[in-house]
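Computed from the coordinates by the stated procedures, all read-outs in this text should not be read as laboratory data. Because the structure is a prediction, the values reported are computed rather than measured. Cβ placement follows ideal geometry from the backbone for every residue including glycine, while neighbour counts extend to all protein chains displayed.
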Amino acid sequence: MKSKPVVPPIYMSATYKFDTSDDLIDVVQNRTGFIYSRWDNPTVMEVEKTLASMEGYDHALGFGSGMAAITNSIMAFTNQESRIIAIREVYGGTHEFLFSFLPTLGIDIITKKLRWSTTPVCLLIRIMTLQKGKCAVSAE
Amino acid sequence: MMSFVVKSDFEGTKRVMDQLKIIKLATSLGGVTTLANQPATNTHVALNPEELAKAGISENLVRLSVGTENVNLLIEDIEQALSAI
């Protein structure tokens, strides 16, 4: 077909079917296609591509919820050596994650390394200046 | 939800999977569509050979999640696929 839908379709499928086992193995090993929507989903990829291009990055990651994005990005950049500095007005769910959950993994919420901020700040609509750096997350 | 081993090796099991017509070759379970997979190549690909052996997952194991299709069609599909060995 020589055209594409103006509004990208919403793909609801959790899983993807294959014609051959070799195709399935290739996708599992090389991510050359879709296998399960938890990994890749055409609709989510479209959003990721658009977000990345809007923000001027090569890649963006889409998640099913703000807390999924927050949890994943913090976990990706922290270990027991990490210290996190966070703003006062951090979203309640993030606060609970930082102060109740992370200490159980031995991660203290005290000084630097990962600077955590969301903008606009939940409820107060305070605008934080996000430095273009390794990771910026807008979840609220 | 059931699993079975094909009386063949890895390649023979792959041929059976590729021969399925009504049953879809896909990861996941518990849906309305009958899905089959070879756990060693996808759902359990992260396990090394020792871990696979410990878990009882052989390379000819097939996992089958039965959906809502007519049961006779499913049985016929498995029969014709097994003939591919």
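How about segment A:18-90: which GluC sites (Glu not before Pro) there lie in a loop by DSSP and see at most 10 other Cβ atoms within 10 Å? Present the calculation step by step, with values, prior to reporting the outcome.
Numbers: sites: A:Glu46, A:Glu48, A:Glu55, A:Glu81, A:Glu89; in loops: A:Glu81, A:Glu89.
Here the sparse-neighbourhood loop sites are A:Glu81.
Output the Cα-based Rg and Dmax of segment A:1-62 in Å, rounding Rg to one decimal and Dmax to a whole number.
13.5, 38
Which distance in nm do the two modelled labels at A:Glu46 and A:Met12 give, with both placed 7 Å along the Cα-to-Cβ direction?
1.5
Starting from the 7 Å offset along Cα-to-Cβ, what nm value, one decimal, do you get for the label separation of B:Met2 and A:Met67?
4.0
What list of ³J(HN,Hα) values in whole Hz, one per residue of segment A:16-28 in order, does the Karplus curve 6.51 cos²θ - 1.76 cosθ + 1.60 (θ = phi - 60°) give from phi, with Gly and Pro shown as x?
The phi angles translate into 10, 9, 10, 7, 9, 4, 4, 4, 4, 4, 4, 5, 4 Hz.
When Lys and Arg each count +1 and Asp and Glu each count -1, what net charge do the other residues less than 12 Å away from B:Ala36, Cβ to Cβ, add up to? Numbers along the way, then the final one.
On the way: positive: A:Lys17, B:Lys14, B:Lys21, B:Lys24, B:Arg63; negative: B:Asp18, B:Asp77.
Combined, the nearby Lys, Arg, Asp and Glu give +3.
What share of Cα pairs, in percent, lie more than 18 angstrom apart in chain B?
Working: 1389 of 3570 pairs.
The calculated P(r) of chain B puts 39 percent of pairs beyond 18 Å.
Among B:Asn72, B:Asn42, B:Asn60, which one shows the biggest mean-square fluctuation in a GNM of chain B, springs joining Cα atoms closer than 10 Å?
B:Asn72
With chain B treated as a Gaussian network of Cα nodes joined by springs under 10 Å, which of B:Lys54, B:Lys14, B:Lys24 yields the largest mean-square fluctuation?
It is B:Lys54.
Work out the mean other chain Cβ neighbour count within 10 Å for the residues of A:22-29 and drop it here as an integer.
Details: counts 3, 2, 10, 6, 0, 2, 6, 2.
Taking all residues of A:22-29 together, the mean is 4.
Sort A:His59, B:His44 so the one with the fewest other Cβ atoms within 10 Å of its own Cβ comes first.
Numbers: A:His59 8, B:His44 16.
Taking fewest neighbouring Cβ atoms as first place, the list is A:His59, B:His44.
Taking θ = phi - 60°, what integer Hz values does the Karplus form 6.51 cos²θ - 1.76 cosθ + 1.60 yield along segment A:62-74, in sequence order, with x for Gly and Pro?
Result, ordered by residue: x, 10, x, 7, x, 5, 5, 5, 5, 4, 5, 6, 5 Hz.
Using a simple spin-label model with points 7 Å from Cα along the Cα→Cβ vector, what separation in nm is obtained for B:Phe10 and B:Thr68?
If labels sit at B:Phe10 and B:Thr68, their model points lie 3.8 nm apart.
Mind checking which of B:Thr13, B:Thr68, B:Thr41 has the largest fluctuation in a GNM of chain B, springs on alpha carbons under 10 Å?
Of B:Thr13, B:Thr68, B:Thr41, the most mobile in the Gaussian network model is B:Thr68.
Cut-off under 18 Å on the C-alpha distance; same-chain residues fewer than 8 positions from A:Lys49 excluded. Which aspartates and glutamates are left, in chain and number order?
Leaving aside aspartates and glutamates fewer than 8 places away in the same chain, those within reach of A:Lys49 are A:Asp40, A:Asp58.
If you line up the long axis of helix B:10-19 against the longest principal axis of chain B, both from Cα atoms, how many degrees apart are they, to the nearest 10?
Approximately 20 degrees, to the nearest ten.
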